[in-house]
Structure formats: C-alpha cells, structure tokens
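J.: Following this message is one structure expressed as structure tokens.
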Amino acid sequence: MYAIIETGGKQYRVVSGQTMAVEKLESEGEVVFDKVLAVGGDGNMVTGNPYVEKASVTAEVISAGKTGKVLVFKQKQRKGHRKLRGHRQPYTEVRIKEIKIGG
C-alpha cells in the first residue's frame with residue numbers, strides 16, 4: 001500500500017518502512033501527516049478532493065540536518081560586479097510507520 005502526501009509545499013509518494021528527507025519539521029518523536037492526496041495498492045485507488053477524508057500517514061523523526069552547500073554566483077558583464085552566496089537547506093529525516101485510511 002502506498003500514499004501520496006503533501007508536506008512543506010511538496011508531494012511525496014510513500015510506502016510503509018520507507019526513510020526519506022522532507023522539509024524541516026518543528027516536532028520530534030512522531031509526526032502525523034494528514035494531508036493525504038491519494039492512497040493506492042492491491043488494485044484499488046482512493047483519491048481525495050483535494051485530500052482523502054480520515055486518512056493519515058504516521059512517521060517517526062530520525063534526525064534533522066542541512067543539505068550540502070549550494071553556491072549562487074552572480075556577475076554583471078563588464079562592470080566588475082561579482083557576488084557569491086552560499087545556502088544550505090534544512091531538512092528532517094523521517095521513517096514511515098503506517099498508512100491509515102478511513103478511521
């Protein structure tokens with residue numbers, strides 16, 4: 001069974017037992033994602049409008065951190081103007097425990 005969830009402005013396809021990195025979450029321990037867009041598996045599919053009623057995905061927080069540095073370099077031609085900036089996006093690593101639908 002799989003589910004499509006929305007968190008941090010992005011959509012993820014998840015299955016039970018999967019480990020993944022999502023946008024930074026402020027909670028520790030256990031997280032419940034209630035914005036479930038679709039649930040499928042075993043030949044049937046339930047889609048929401050926009051979310052599936054009474055469906056949720058439970059996950060446990062493993063760790064939090066930052067991704068590798070992304071360098072942003074800007075230069076204006078023939079002006080002697082150069083700018084270098086770096087950015088590291090924070091993330092939270094979670095493990096999907098279970099997918100519930102309808103109850």
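J.: Based on alpha-carbon atoms only, what is the radius of gyration of the chain relative to the globular estimate 2.2 N^0.38 Å?
T.: Working: Rg = 18.7 Å, N = 103, 2.2 N^0.38 = 12.8 Å.
My calculation over the Cα atoms of the chain gives 1.46.
J.: Ok, one more. What fraction of the DSSP beta bridges in the range 21-103 is antiparallel, stated in percent and rounded to the nearest 5? List each step's numbers first, then the result.
T.: Working: 28 of 28 bridges.
Antiparallel bridges make up about 100 percent of those DSSP assigns within the range 21-103.
J.: Give me the distance in nm between label points sitting 7 Å out from Cα along the Cα-to-Cβ direction at ASP42 and TYR2, one decimal.
T.: 1.7 nm
J.: Right, another one. Please compute the length gained on full extension between GLU93 and LYS54, using 0.36 nm multiplied by the number of residues separating them and subtracting their Cα-Cα distance. Mind showing how you got there, number by number?
T.: Details: separation 39, 0.36 × 39 = 14.04 nm, distance 2.48 nm.
Separation in residues times 0.36 nm, less the Cα-Cα distance, equals 11.6 nm.
J.: Using 0.36 nm per residue, how much length does the chain from LEU84 to VAL61 gain when fully extended, once their Cα-Cα distance is taken away? Present the calculation step by step, with values, prior to reporting the outcome.
T.: Working: separation 23, 0.36 × 23 = 8.28 nm, distance 3.39 nm.
Value of the extension gain: 4.9 nm.
J.: How many nm is it between the label spots at GLN75 and ILE101, if each spot is 7 Å from the Cα in line with the beta carbon?
T.: 5.4 nm
Just so you know, all these numbers are worked out from the coordinates, no wet-lab data involved. Bear in mind the structure is a predicted one, so any value in this text is a computation, not a measurement. Using ideal geometry, Cβ is built from the backbone for each residue, glycine included, and neighbour counts are taken over all protein chains shown.
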